[in-house]
Amino acid sequence: MSDIDALKDEVKKLNARATQKKMDLHDLSEELPQNWQSILQVAQETYDAYKTLTEKRAELKALETASA
């Protein structure tokens, strides 16, 4: 498996994780004011997931551009 293929698989997994975190944040917002104490934790996890996804997408794009 090439580096690009491996990175594509990683991006796919990170995308699924980020989507799940987005849904967790959405679910939490619907339950408010219950569990309000977890807002910062869930928001930080969502932020981190999307930050990592964005970085890996940029890395993938750079690899694809370099190999073209």
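Full extension of the chain segment joining Thr54 with Ser2 gains 16.7 nm, where the gain is 0.36 nm per residue of separation less the Cα-Cα distance. Couplings 3J(HN,Hα) of segment 54-68, computed from phi: 4, 5, 5, 4, 5, 4, 4, 4, 5, 5, 5, 5, 5, 8, 7 Hz, in residue order, whole Hz [Karplus 6.51 cos²θ - 1.76 cosθ + 1.60, θ = phi - 60°; x for Gly and Pro].
Accessible surface for Lys12 stands near 150 Å², nearest 10, in the context of the full protein assembly shown (1.4 Å probe).
For the residues Ser38, Ser67, a 1.4 Å probe over the protein chains yields an accessible-area ranking, largest first, of Ser67, Ser38.
Of all aspartates and glutamates in the structure, those lying under 16 Å Cα to Cα from Lys56, and not within fewer than 8 positions of it along the same chain, are Asp3, Asp5, Asp9, Glu10, Asp48, Glu64. Note on the chain: Kirkwood radius taken over Cα pairs, Stokes-Einstein applied at 37 °C and 0.692 mPa s, translational D equal to 248 µm² s⁻¹. Rolling a 1.4 Å probe over the protein heavy atoms gives the chain an accessible area of 76 Å² per residue. Within the assembled protein chains, the solvent-accessible surface assigned to Glu59 is about 80 Å², based on a 1.4 Å probe. Net charge dipole, the chain: roughly 160 debye, given to the nearest 20, about the Cα centre with Cβ charges of +1 for Lys and Arg and -1 for Asp and Glu. Counting only protein heavy atoms, what percent of the accessible surface of the chain is carbon or sulfur at a 1.4 Å probe? Whole-percent figure for carbon plus sulfur exposure: 55.
The values are calculated or read from the model by the stated rules, or taken from the named source; none is laboratory data. None of these values were measured; they are calculated from a predicted model. Using ideal geometry, Cβ is built from the backbone for each residue, glycine included, and neighbour counts are taken over all protein chains shown. The area values use the complete protein model at the heavy-atom level, side chains included, leaving out ligands, DNA and RNA. Shrake-Rupley method; radii C 1.70, N 1.55, O 1.52, S 1.80 Å.
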